[in-house]
1. Of the residues that make up region 95-114, is at least one under 22 Å from P154 (Cβ atoms), in a strand (DSSP E or B) and among the aliphatic types (A, V, I, L, M)?
2. Taking the options D143, D72, D95, name whichever one is farther than 22 Å from L15 by Cβ, among the acidic types (D, E) and either in contact (Cβ under 8 Å) with a residue 40 or more places away in the chain or not assigned by TED's automatic domain parsing to the domain that holds L57 (or both).
3. Quick check on my filter: what residues within region 6-62 are in contact with a Cys (Cβ under 9 Å, 6 or more places away or on another chain) and either crowded, with 21+ Cβ neighbours inside 10 Å or closer than 18 Å to T132 by Cα (or both)?
4. Any residue at all in region 23-42 that is of a type in the set (S, T, N, Q) and in contact with a strand residue (DSSP E or B) (Cβ under 7 Å, 6 or more places away or on another chain)?
5. So which residues in region 26-67 are among the basic types (K, R) and part of a loop (DSSP other than H, G, I, E, B)?
6. Does D79 satisfy the criteria of being of a type in the set (D, E, K, R) and either crowded, with 21+ Cβ neighbours inside 10 Å or modelled with pLDDT under 95 (or both)?
7. Among the numbered criteria (1) in contact (Cβ under 8 Å) with a residue 12 or more places away in the chain; (2) not in a loop (DSSP other than H, G, I, E, B), which one does D123 miss?
8. Kindly indicate the residue of region 127-150 that is touching a Leu at 6+ places or on another chain (Cβ under 7 Å) and either under 13 Å from L69 (Cβ atoms) or among the hydrophobic types (A, V, I, L, M, F, W, C) (or both) and also surrounded by the fewest Cβ atoms within 10 Å (Cβ to Cβ) among those meeting that condition.
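The values are calculated or read from the model by the stated rules, or taken from the named source; none is laboratory data. Just so it is clear, the structure is predicted and the values come from calculations on it, not from any experiment. Cβ placement follows ideal geometry from the backbone for every residue including glycine, while neighbour counts extend to all protein chains displayed.
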Amino acid sequence: MTEHTDFVTLAQAVLDGTTARQRLAETQEAVVVERIARGAGATSWYLLRCSDDLDALAARIRPGSRVSLYFDNRFMIGDFGDDARKAAVGIIERDGEAVLGALRPSGIEADTDFPSSADEADDFARDHPNSTIIVGAFPAPDDDGVNAVTVDLPDADGVVRPHPH
């Protein structure tokens, strides 16, 4: 086994030690934020819709990351129609920026941006036509086991260490 294969197995075990798989089966949708360890605020975003997607996530997330899965309605998911645009603009007005993600056609990963104006949100939508769009506010790393699950992944050697995320 390679170090990557070992880590994927470890990441799957960490995720399976939570309510994530059960909640995904119940809700059929989860937005995931990976806060990358020592990444200076870098994140990766995913949209999961079935149990196999959780396994695909384990193959993509990085050692030491903090991974949050959101199963509630804090994100709008769909096309960038009037309701999604209105929601994005409302979040921008309230928080100074919104999260917009566009699901890549080939998998669970989403391209993301953090527009601070309606024009920037419109530009993002124009750049991602016919994409499934995620709209919301940047979420806290909540973990109540129902609406959200957050885990700190171990490093590649299997040890969980505190990292700036």
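1. Within region 95-114 (the criterion being under 22 Å from P154 (Cβ atoms), in a strand (DSSP E or B) and among the aliphatic types (A, V, I, L, M)), the answer is no, since none of the residues qualifies.
2. Details: D143 fails: farther than 22 Å from L15 by Cβ; D72 fails: farther than 22 Å from L15 by Cβ.
From the options D143, D72, D95, the qualifying one is D95.
3. The first filter runs over region 6-62 and keeps only residues in contact with a Cys (Cβ under 9 Å, 6 or more places away or on another chain), leaving 24-25, 28.
Of everything in region 6-62, those that are in contact with a Cys (Cβ under 9 Å, 6 or more places away or on another chain) and either crowded, with 21+ Cβ neighbours inside 10 Å or closer than 18 Å to T132 by Cα (or both) turn out to be L24, Q28.
4. So in region 23-42, the residues of a type in the set (S, T, N, Q) come out as 27-28.
Now narrow it down to the ones that are in contact with a strand residue (DSSP E or B) (Cβ under 7 Å, 6 or more places away or on another chain): none.
No, that holds for no residue.
5. Within region 26-67, the subset among the basic types (K, R) is 35, 38, 49, 60, 62, 66.
Listed by number, the residues that qualify are R38, R49, R62.
6. Numbers: of a type in the set (D, E, K, R): yes; either crowded, with 21+ Cβ neighbours inside 10 Å or modelled with pLDDT under 95 (or both): yes.
Considered against the rule, which asks whether it is of a type in the set (D, E, K, R) and either crowded, with 21+ Cβ neighbours inside 10 Å or modelled with pLDDT under 95 (or both), D79 comes out as yes.
7. (1)
8. The first filter runs over region 127-150 and keeps only residues touching a Leu at 6+ places or on another chain (Cβ under 7 Å), leaving 131-135, 148-149.
Still in the list and also either under 13 Å from L69 (Cβ atoms) or among the hydrophobic types (A, V, I, L, M, F, W, C) (or both): 133-135, 148-149.
On the way: I133: 23, I134: 21, V135: 24, A148: 23, V149: 25.
Among those residues, the one meeting the criterion is I134.
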